[in-house]
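A short worksheet on the structure shown next.
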Amino acid sequence: MIPFALRSPETGNTLRADRPHSLADEETGARWPVIDGIPYLRVNRAALIERVLAHLDAGEPDEALAALLADQDDWWNGPAADPGEIRQLVKARATATLRDAVRLLGWGRVGDYFLHRWSDPTYLAGLALLEAHWNEPICVFEFACGIGHYLRALKRRGCKVAGADVVFAKLWVARHWVVGDKAQLVCFDAGSEHWPIPGAPVDLVVCNDAFYFLDDKPRLLECLRQTAGDDGWLAISHIHNAESPGFSAGRAVTAEDIAELFPDALVYDDAELTRALVEARAPGPREPGDLRACEAFSVVAGPGMRPAPRAVIDGLTLPPAGTELHLNPLYQPDEGGGFAIRWPSERYEAEYAPLVTYPAHSAGPERLRFTGVPEAAESDRVRRREFVDLPERW
């Protein structure tokens, strides 16, 4: 685990553990809750924090947890989670599946996205970007890590990992279903007056499918560069292009914005990265001005990055040898004895069906033990994500 020193997002003062379930500002004494090792450092949530701390101080950890699991980001426009279903999940967390967690938290289409992200082209593009510029980082921090898809892949590659997200429930799901205990997770707002992890000692900073959401991109980028330090690098993928229609909310950017924000970067078309992964080749960077028609940009930047892309053939893009893989759960039995894709929703189909890398039909089998040989025919099926490496309690 990366030993981040934490600071108050309100004052910038150092936070110290004052009780097993809370941190306190060493100067003002203001307290912040910690549940399952995840500090909750969101600003503009004073009433919620007071209620959660009251439950924790009274020896009511499940009630405190249920309150934090209901908290959402400011972009959320779905219905509020059902309190009874949240309590049901809290009670059953030791045996519930990831699918149960997503359903009971009321995540809707966002839940579909998390459950099937292992094979969506956006996720694959981010893996390809990391693989192409991989230089054996020891410590990795992911901003807006969601439920930890990348953290899981990076941890299995031997990295010490840490992640942050604005939604506590996502980090909690990461802890219990995806990443486990060997990761430092912190909940905070990107727009906090003070960056809570100013001294984080990492080699690589990752951010996928989130940078475009942020209002003050230059300030956040400065914080991410600070976290990477003088010797690290950034991998920021799937930054929505304002000149291309898309499905996501947020504040997309233009090619000119990319050039201004990342003057030291290599810039890619997200779709090119996905193709490079499937074709087991090096992706080709482009000038930002040549990418006006792309759906999303991806960039690597910083002094520590590998300066030229390499072929995407192993490592993060393929699982460890001996891993038991599952047929992509988007495949369901068809009338011919094989398997055909069944999309979880019309929106998911509209967003991903034209871009997915796996074939429309599969002859099975339903499981496959990966040999670890990149040149083997089975590796092609894994790169396409016809077979996927799912968490144990998916």
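Details
- Net charge contributed by nearby residues that have their C-beta within less than 15 Å of Pro263 (K/R +1, D/E -1): -4
- For segment 36-42, the Karplus equation 6.51 cos²θ - 1.76 cosθ + 1.60, evaluated at θ = phi - 60°, returns couplings of 6, x, 10, x, 9, 10, 6 Hz by residue, with Gly and Pro reported as x.
- The amide H of Ile35, built 1.01 Å from its N in the peptide plane, has Tyr40 as neighbours under 5 Å, considering only residues 5 or more places off or on other chains.
- Here is the list for segment 125-201: trypsin sites (Lys or Arg not before Pro) lying in DSSP coil, each with at most 14 other C-beta atoms within 10 angstrom of its C-beta, are Lys182.
- Scattering from segment 328-370 was approximated by placing one identical point on each alpha carbon and applying the Debye formula without solvent; log10 I(q)/I(0) at 0.14, 0.15, 0.17, 0.27 1/Å stands at -0.35, -0.40, -0.50, -1.00.
- For the chain, a simple Cβ point-charge model (Lys and Arg +1, Asp and Glu -1, everything else neutral) yields a dipole of about 980 debye relative to the Cα centre.
- With the convex hull drawn around the C-alpha atoms of segment 279-394, the volume per residue stands at 159 Å³.
- The ellipsoid equivalent to the alpha-carbon distribution of segment 1-60 has semi-axes of 17, 14, 11 angstrom, derived from the gyration tensor eigenvalues as √(5λ) and listed largest first.
- Cross-link partners for Lys160 among the lysines, with Cα-Cα distance under 18 Å and sequence neighbours closer than 8 places in the same chain left out: Lys182.
- When each of the peptides 30-43, 187-200 is scored by the mean number of other C-beta atoms lying within 10 Å of its residues, the order from highest to lowest reads 30-43, 187-200.
- Summed residue charge, Cβ within 12 Å of Arg286's Cβ, Lys/Arg positive, Asp/Glu negative: -4
- Close amide-amide hydrogen proximity is noted between Asn208 and Ser237, each under 5 Å apart and 5 or more residues distant or on a separate chain (H modeled in the peptide plane; Pro and chain starts excluded).
- Under 5 Å between amide hydrogens, built in the peptide plane, is the criterion, and for Ala296 it picks out Asn241, Asp270, Ala271 among residues at least 5 positions away or on other chains.
- Report note on the peptides 136-148, 299-311: ranked by the mean count of other C-beta atoms within 10 Å, highest first, their order is 136-148, 299-311.
- Each residue of segment 318-325 was assigned a 3J(HN,Hα) from its phi angle through the Karplus expression (A = 6.51, B = -1.76, C = 1.60, θ = phi - 60°), giving 10, x, x, 4, x, 5, 7, 9 Hz with x at Gly and Pro.
- Across segment 162-178, coupling constants 3J(HN,Hα) worked out from phi with the 6.51/-1.76/1.60 Karplus curve, θ = phi - 60°, read 9, x, 9, 8, 7, 9, 4, 4, 5, 5, 5, 5, 4, 4, 8, 10, 10 Hz, and Gly and Pro carry x.
- Dividing the C-alpha radius of gyration of segment 82-132 by 2.2 N^0.38 Å, with N its residue count, gives 1.46.
- In straight-distance terms, cross-link reach from Lys155 covers every one of the aspartates and glutamates whose alpha-carbon lies under 18 Å from its own, apart from those fewer than eight places away in the same chain; here that gives Glu131, Glu136, Glu142, Asp165, Asp181, Asp203, Asp314, Glu324, Asp389, Glu392.
- Per residue accessible area of segment 1-74, 1.4 Å probe, in Å²: 48 Å²
- Furthest towards positive pole of dipole, Ile49, Gly12, Val178, structure part the chain, Cβ charges: Val178
- Rounded percent of accessible protein surface that carbon and sulfur make up, segment 251-394, 1.4 Å probe: 50 percent
The values are calculated or read from the model by the stated rules, or taken from the named source; none is laboratory data. Every value quoted in this text rests on a predicted model; they were computed, and no experiment measured them. For neighbour counting, all protein chains shown are included, and Cβ atoms are generated from backbone atoms with ideal geometry for every residue, glycine included. Side chains included, ligands, DNA and RNA excluded: accessible areas come from the protein's heavy atoms. Shrake-Rupley method; radii C 1.70, N 1.55, O 1.52, S 1.80 Å.
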